[in-house]
Amino acid sequence: MKAALVGTDGTLLHEARRATGRERGADAVVESILAFAADLRAHGEEHLGGSAVAAGVAVPGIVDAEKGIAVYAANLGWRDVPLRALLSERLGAIPVALGHDVRTGGLAEGRIGAGHGADRFFFVPLGTGIAGAIGIAGVIEAGAHGYAGEIGHIVVRPDGPDCGCGQRGCLETLASAAAVTRAWAAASGDPDADAADCAKAVESGDPAAIRVWQDAIDALAAGLVTALTLLDPGTLIIGGGLAEAGETLFTPLRAAVEERITFQKLPHIVPAALGDTAGCLGAGLLAWDLLSTEVSA
């Protein structure tokens, strides 16, 4: 878990990290979040001269932001956790905003990161899976049911690997950091090799690594072209573990997207700027938005 105290202008005032403790079960994870938030608030009171006036929390999985409920997260094992109410109670009844981790990270990248100044952007982190956040005029479009932006489950190769969602050939089975790790471990014969190792081998000219890498880029480009055909973003922000490869990823990816477009407008394709602090900063922005809404109301 990553947490932060965030100023009114998005400045990171204090940052802390703590183990999720998911091996102890869902209830323990929830308690870890509540205790972490309380400790963070206490730090502000002791070291920054004041208590937090609102809180934001971003979690993975299915989120009902309007009701403040963490509906489901496979990797954390919880269902229907009233996280907003629990946090507000633990923090002395201050306002609490709940958001989806990728959409919240996208909010931060759009407002104060790589998408700053872009009216329409699409944020895609390439990690264990692939998700997306659609930014429009400084806010993130969640969709009618909170599922908007799930680009990782666009089918790009119908005969491809099985996906946990029940389909075959989804983008995240082919182009996520986890997918590249699997492919390179198999191709290299090293079960401990990962996507970062593949990127290094690409840079050294290894033909097998180049094949694995290009296969992932081809799949990623296909998925991104589908997204930009539907969304027409001005800026496409790529983050997550694979983006850490820098131009080893971005140079061939820009070329692969460009060669696939016909009538579509090519967006600016840029790396994310905030790294793994995006979620913290985004959660802070959600909290400030909550206060602004209350003031205007």
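The values are calculated or read from the model by the stated rules, or taken from the named source; none is laboratory data. Only a predicted model underlies this, so the values are computations on that prediction, with no experimental measurement involved. Please note: Cβ atoms are built from the backbone with ideal geometry, for glycine as well, and neighbour counts cover all protein chains shown. Heavy atoms of the whole protein, side chains included, go into the accessibility calculation; ligands, DNA and RNA do not. Shrake-Rupley method; radii C 1.70, N 1.55, O 1.52, S 1.80 Å.
In table form, for the structure just shown:
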| item | result |
| --- | --- |
| Carbon plus sulfur fraction of accessible area for the chain, probe 1.4 Å, in percent | 53 percent |
| Linear extension gain, THR8 paired with TYR72, 0.36 nm per residue minus alpha-carbon span | 20.0 nm |
| Mean separation of Cα contacts under 8 Å, 6 or more apart, over the residue count of the chain: relative contact order % | 19 percent |
| Kirkwood-type radius of the chain, with distances r between different C-alpha atoms, in Å | 20.0 Å |
| Between the range 201-242 and the range 256-270, the Cα center-to-center distance that results, in Å | 12 Å |
| Gap separating the Cα centres of the range 42-105 and the range 138-165, nearest whole Å | 24 Å |
| Bridge type composition, the chain - antiparallel percent by DSSP, nearest 5 | 60 percent |
| Principal axes of the range 71-216: Cα extent on each, largest first, Å | 57, 38, 30 |
| Proximal charge balance of THR277 [Cβ under 10 Å; K/R count +1, D/E count -1] | -1 |
| Projected label distance in nm at SER51 and ALA35, using a 7 Å step from Cα toward the beta-carbon | 2.1 nm |
| Cα radius of gyration and Dmax for the range 22-99 (Å) | 12.8, 39 |
| Long-range HN-HN contacts of ALA97 with modeled amide H, under 5 Å | ALA55, GLY56, VAL57 |
| Convex hull per residue volume in Å³, alpha carbons only, for the range 140-297 | 149 Å³ |
| Label-to-label distance, nm, for residues given as ASP80 and ALA144 (7 Å Cα→Cβ offset) | 2.4 nm |
| FRET E, pair ARG168, THR248, Förster distance 41 Å, beta-carbon r, rounded to 0.05 | 0.90 |
| For the range 1-113: accessible area per residue (Å², 1.4 Å) | 49 Å² |
| The chain, helix-only ellipticity at 222 nm - DSSP H runs n ≥ 4, -39,500 (n - 2.57), divided by all residues, nearest 500 | -13500 deg cm²/dmol |
| Within-13-Å neighbourhood charge of ALA148 [Cβ basis; K, R +1; D, E -1] | -1 |
| Relative packing of peptides 1-9, 194-202 - highest average C-beta neighbours within 10 Å first | 194-202, 1-9 |
| Dipole of the chain, positive end: most advanced residue of THR277, LEU242, GLY7 [Cβ charges, Cα centre] | GLY7 |
| Kirkwood estimate for the range 3-154, i.e. one over the average of 1/r between Cα atoms, Å | 16.4 Å |
| Selection of GluC sites (Glu not before Pro), the range 55-131, meeting DSSP coil and at most 13 other Cβ within 10 Å | GLU66 |
| Overall dimensions of the range 4-58 as given by Cα atoms, namely Rg and Dmax in Å | 12.4, 37 |
| List THR293, THR173, ordered by accessible area with a 1.4 Å probe, largest first | THR293, THR173 |
| Computed over the range 112-176, Kirkwood Rh from alpha-carbon pairs, angstrom | 12.8 Å |
| Among 133-143, 116-126, the order from most to least packed when residues are scored by Cβ within 10 Å on average | 116-126, 133-143 |
| ALA186-ASP119 pseudo-label distance in nm [points 7 Å out on the Cα-to-Cβ vector] | 4.5 nm |
| Proximal charge balance of ALA35 [Cβ under 9 Å; K/R count +1, D/E count -1] | 0 |
| The range 213-291 - convex hull of alpha carbons, volume per residue in Å³ | 100 Å³ |
